[in-house]
Structure formats: structure tokens, C-alpha cells
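For reference, the structure is listed below as C-alpha cells.
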Amino acid sequence: MSNRSGWSDAKLGIGIVAAMAALVLVVALGLAIGTRALPLADVVDALRSHDHSDAAIIVWDQRLPRTLLGALVGAALGVGGAMAQGITRNPLADPALLGVSAGAALAIVVGSLAFGITALAPQIVVATVGAAAAGAVILALTGFGHGGVPPVTLALVGLSLSALIVAVVSILVLLDAQTLDEYRYWLVGALSGRGTPTLTTVAPVLILGLAAAVTAVRGLDALALGDDVARGLGVRVTRARIAAGLAVILLTATAVAAAGPIAFVGLVVPHAARAITGPRHGWLLPYSALLGATLLVAADVVGRVVARPGEVQVGVVTALVGAPMVLLMLRRTARAGAAL
Amino acid sequence: MTVVRSRAVRQRDGEAATLARSGPAVVLRWRGAGVLVHPRTWAVGAVLAAVVAALCIVALAVGTQWLPLDDVARGLVGEAERATNLTVRRFRLPRVVVAVLVGAALGLAGALVQAVTRNPIAAPDVIGVTAGASFGAVLVLLAFGGTTFGAGGAAAELSRVGLPLGAVAGAFVAAAIVLGLGAGKGPSFATQRVVLVGIVCHAAFIGLVHWGLTRGDVDQATRAAAWLVGSLHGRGWEHVTGLAVALALLLPVALVLGRSLSALSLGEPSAATLGVRVRRTQLGVFLVAFALTGAAVAAAGPVGFIALLAPQIARRLVRAPGMPLVASALTGAAVLLAADVLARLAVPGVELPAGAVTALVGAPYLLWLVVRSEGQR
């Protein structure tokens, strides 16, 4: 959306530190705020002592894993969105909008119904297969990103693919009330009730995916110049796309398995990041990771505050916050006369 | 590059052939007034109407209990056995009428949206209105559909009456948001922006629908999830009335707008020189399409892909320039009827929701359309 070259490298370096500080701040809020508010001093005490006091149990067993999981999932969604946009050279390419998340969701439901897979680790494997299948279908349909598919076409195809997958999932879960009952709490996208086991299962996979993203930076920068120029620079275009695509699929599928299909983070965060960094992926990906993590943890905190003593799931908050942000960006680009 | 060029040439030849095959247009003159008539359009319309009629008869005859045709005929006029009369007139007939009306409304709405956005894969399903209507309906189900109130009590009655109202209200809110934010300023609508804003609103409303599903108890969630697939199961005459009124009011408006719409297909500046009020026409087309969608969703739930596919099928049948509105409506009716019959027969003993069939059949067709147009580019 934005063609501005962004800030200078020195400014970007300071910006990264500021973004980290913002992340630390929202994580601290995530530890302090909840059904029972804890003063920050108590949180620090609980983190230090790790004893059997109420505060320590709340912080260590509930809020810390949940908040860290939120940060990791947010980073994965932000980076996944930025990379998907780079691969397809398409500003609307958000894995959630394109049906990749729906593919992962379908695989998880089928796995649970047909093969009784309910543990998280095999679910991640199953979700990755589903996300890869959906991603491959989308890429094949839209000419592997070098056909110059208009953004709206890509989004419409993605939504239609999602609609198909959602219809299949609905039929499956409607056959069994118990599956539906579990499915609906996961479908909305939530971090509630995710404990330490979830975090320790998911964290290595997400960190692996983020590391794979780092190796894809050069290829993505070359792809941004167009396929012909990229080839001239000695980049193997198809291989770069596939490598980056695999990282996107791993990040998306793991995030979906851990927290459900959360929309809008993968769409909003890369655009916000790109407005700061410009098109270079070496800066864009770290900024997307930090902003995504901050956004998701902040959304989770907001969801816990607005509906006390209950909570609003993080997926609802990101939809309600994300949609106006996307619309605002559309407005700004329209004013600048830029064709999306 | 050579491959691409030869594809372009082939496409040009294909278009020329289509025009040649579309047959001559005839000008009917009467006292100085003239109308351009495409005989093929009328012929296709007649055939489609016959197909719809035939499918209606099939839909009346098949089901858990198969009825011979003469029983169907006698049941319709109320002169068969009591049980047959009941099956045909009380259960199957309203369902068939709802299918025809919903299919026609969706087909027409899709044709209007595709014509005004000049985008063959745009449809009200994915630009926010259907999702808004779904959210409205789910809210009503949550508010009044609670089993705690006792089934068959006042609450159940309220949810039965309120559900279509909630859907229509949700559709209006979504339409207001999409058109308000997408319209922009200037002599014409930025229709591309309407689609973009619609996609974003669709995603946001789907998020809200999912939130709604987590709020109620498991019975409410099941009912809402079943409704969200889109089905004709158990639809009665009370669903027919609102829909019939909506179609009776909106179809003539759509046909009047259709004339300006074909001028718009030449491009907005050309249409303006021809005396078309571009912005007003575009707004009217969107409003009519969204109202039709809201009425259809209120009656049958968000049945997917009909609005997307019916106009494309109709366009290929009619082969005239512009978007055939009546043929799209008839095609929509035929597709939904066929889908409902298939949904009742596909798995013996189980009735699938019609929306599941339209999605399973419609999505691959849409994807094939996209692949083909990619190949032609």
C-alpha cells in the first residue's frame, strides 16, 4: 500500500527498541490485569519467588503462559502476513483471508472426528498439512503470484475457498454436538485456558518458523522487484517462493492450532510495519513480529477488561479493532490516489 | 510471450464467435417507438422457466416418501388422500416456493452486483451483506432462542418471528456501512472500493458471528450453526410472504435500472454522455441487490455461491452483451431447486442442508472460472 521508503536505518534501530519496550509493557499489563488485578510489584514478586502464593500461581500457571503464547502467535501472524504479501506481491494476501487458516481448521476437525487426534502436537502436524493444501490451491489458482492477479480477485477467491471449507466443517461438526461444543470456542480465536503445556509445545515450532522467515529475507526482497529482475540478480524465483511459502504455512498452521483462526492481525500489522520501514524485508519482518505480538497481547488484555468478570475472546477484539484500521488504511490510500 | 499472445488471439476469436453465434438482434417498431430484442434471450428465458417448472414438480414428488406424478397433481388441488394432500400442500409446496424465490432473489442480486462492479466473481455473499444478516439472525437466536424459556413457549415464537427481522436488520446495517464507507466522493462510485470495504466488513462480521456462537448453550449454538449453512428444511408459507413482497417490489426496479446498467457497462464516462445518472444508478443497483440478499437470507439462511454462479451460467447461456437479469434470476431458482433435491437424495435417510450442496458444487465451479480467466489473461 505504501511506497514511501520509510525511516533511515538509525531511526529504524531506535524504533525496534521502542517496539520492544511497547511489547514488554503490554506483557506486563497481561500479567497484571485479569479477573483479579495484581499490582505490578506483586507480579514482580511472584515472578521472582515462584512460591505457592496465590499471586505466584496465577502469574506462573495462567497469565505467563497465556501472555507469552499470545506474543508468539501474534508475531507468527504478523510475519506470516508480511511474507504472504511479499510472495504474492499482493497487499490483501493475509493467510486468514486467503483460506489458509480455514484449511488448517478443516484438517484439525477432520483429524479429531476421523482419527481421534486431540493432542496439540499431532494437531499441529495435521493443521500444517491442511494449511499447505489450501495454500497450494490458492497459489495454483492465482498463477503462483507472477500472473499479476488483481488484489481483489485474490481476496475473493480466498473468501470463496474459505466458504467452501467452512461449509464442509459445518456439516462435520453438526453431526456431533460435542465436537461442535469444543469447536465453537476454538473457532472464535482465543487464548483463554492455554497453559504451560500448550506454550512449550507451540514455542519451538513457532521459533523454527520465525527462523525460517529470517532466511527468506533476501529472496523476498528480490521478488519485490519483479520476477525478471529477481532472476537477473541470480535468485531462483520459484524456489524462493516455495521456501517463504513453507515458512508462512508452518507459522499459520501452528498459530491456528494453538489459538484458533485469528483474523486481521496478518493484514493490519504488515501494512503498519511497512509504513514505518519501507519495503525492505530485513526491517519489515522484525517490525511485523514485534507489532503483531504487541497487538495480540494488547487485544487479549482489552478482551479481559471490557467484559469483567467474563472475557471477550481475542479473535473478536482483533476483528473489531482490525476492521476499522484496514478501512482507515483504504481511506488513506484512496486519498493519496494510489490504486490498490 | 508467444503463448500469451496466441491466447489473447484465441480469446478475441472466441468473442467474435460468441457475437456471431448470439444470433441477430431484432428491432421491433410500433408507432415510432422501437425496442431491440434478442430472440436468443427470450428463448433461453423460456427454456429456463420450463426447467424451473420441471424441477418444481420433481421437488414436489421426491423426498422421504416418493409420490407418483398424478398424486402430486391431485395433492396440489387437494383431491388426493389426506396424508398426500398434507405432504404436498403443507410441507413440500411452500418449501419449493421458498426455493424458487430465494434462488431468484440471489441470482438477481448477484447479477446486479457483478454488473455494477464489472467483476465476474463479486457477489453479495462475500461483500459483507450476507455476513451482516447472519450476525443479526444469530443475535436473535441468542436473545430469544434459549432452551431455558422452554421450547414452544413465547420465546420460541419470538425467535421464529424475530429471526428474519434480525437478518434483514443486520443486512441493512452492513449495507449502510459498506456503501457509506465505500462510496467515496466524486461523480461515480468507486465500485472497486465498495468491494474492498465489503470484503473487510465480511471478515469482521464473520468474527462477530463466531463470537455469537460461543455465547449461548450448546443447543442454541447447534441451531445457529445449522442455520448458518443455509437450508430450506421446514420452510413454510410464513417465509414465502416477505420474500414474495420483496421480489415483487424490487424486480421491476431492477429491470428499470438494468437499462442504465447496460449503458454503464460501456464505462462510466460513456454512460454519462448517454444521459445516465451514474452515481444514482450505481447506488440504486447496490441497494436493490443488498435488499434482495437480505430478504433471501432471512428466509433460507446464508445459502452460498448462488449469487456468484447463477449470473455466470446465465451469461454463458444467453450470450448477449450485458448481464441478463431475468435469466440470472431463473438460473438461480433452478440451481437452488436442484441443490435442494440433491440435498434430500444424496445421503439416504439424512437430509443435508441445501447450502452445503451449493457450496460443494459451486465452489469448484467458481475456482474453475478463475482458472480459465487466468489462462486467458
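FYI, it's all coordinate maths here, none of it is from the lab. Here the structure is a predicted model, which means the values were calculated and not measured. Ideal geometry is used to build each Cβ from the backbone, glycine not excepted, and the neighbour counts take in all protein chains shown.
For the segment A:161-174, counting C-beta atoms of other chains within 10 Å of every residue's C-beta and taking the mean gives 6.
Any idea what diffusion coefficient segment B:228-377 gets from Stokes-Einstein, in µm²/s, Kirkwood Rh on alpha carbon pairs, 20 °C, 1.002 mPa s?
Values: Rh = 17.0 Å.
Rounded, D is 126 µm²/s.
Once R0 is set to 22 Å, what does the formula 1/(1 + (r/R0)^6) return for the Cβ-Cβ distance between residue A:28 and residue A:48, expressed as a FRET efficiency to the nearest 0.05? Using R0 = 22 Å, I get an efficiency of 0.95. Model label points for residue A:214 and residue B:365, set 7 angstrom from Cα along the Cα-to-Cβ axis, are 5.1 nm apart. Note on residue A:196/residue A:14: beta-carbon distance plugged into 1/(1 + (r/R0)^6) with R0 of 35 Å gives a FRET efficiency of 0.50.
Per residue of B:193-202, other chain Cβ atoms within 10 Å of the residue Cβ number 6 on average.
In terms of its Cα atoms, segment A:9-335 spans 63, 56, 37 Å along the principal axes, sorted from long to short. Percent of Cα pairs in the protein assembly as shown per distance bin of 20 Å, from zero to the largest separation: 17, 48, 29, 6, 0.
Can you give the convex hull volume per residue for the Cα atoms of segment B:38-376, as a whole number of Å³?
Numbers: hull volume 48.1 nm³, N = 339.
Given the Cα convex hull of segment B:38-376, per-residue volume reads 142 Å³.
Peptide B:55-68 shows a mean partner chain C-beta count of 0 within 10 Å per residue C-beta.
State whether segment A:120-228 is rounded, prolate or oblate according to the following rule on the C-alpha gyration tensor (a ≥ b ≥ c being the square roots of its eigenvalues): a/c under 1.5 gives rounded; otherwise a/b larger than b/c gives prolate, and the remaining case gives oblate. Verdict is oblate for segment A:120-228.
Tally Lys/Arg at +1 and Asp/Glu at -1 over every other residue whose Cβ is under 15 Å from the Cβ of residue A:50; what's the total? Surrounding charge for residue A:50 is -3. Projected onto its three principal axes, the C-alpha set of segment A:236-334 covers 54, 35, 20 Å, listed from the longest axis down. Using the average count of surrounding beta-carbon atoms within 10 Å as a protection proxy, the listed peptides A:227-238, B:101-112, A:79-90 rank, highest first, as B:101-112, A:79-90, A:227-238.
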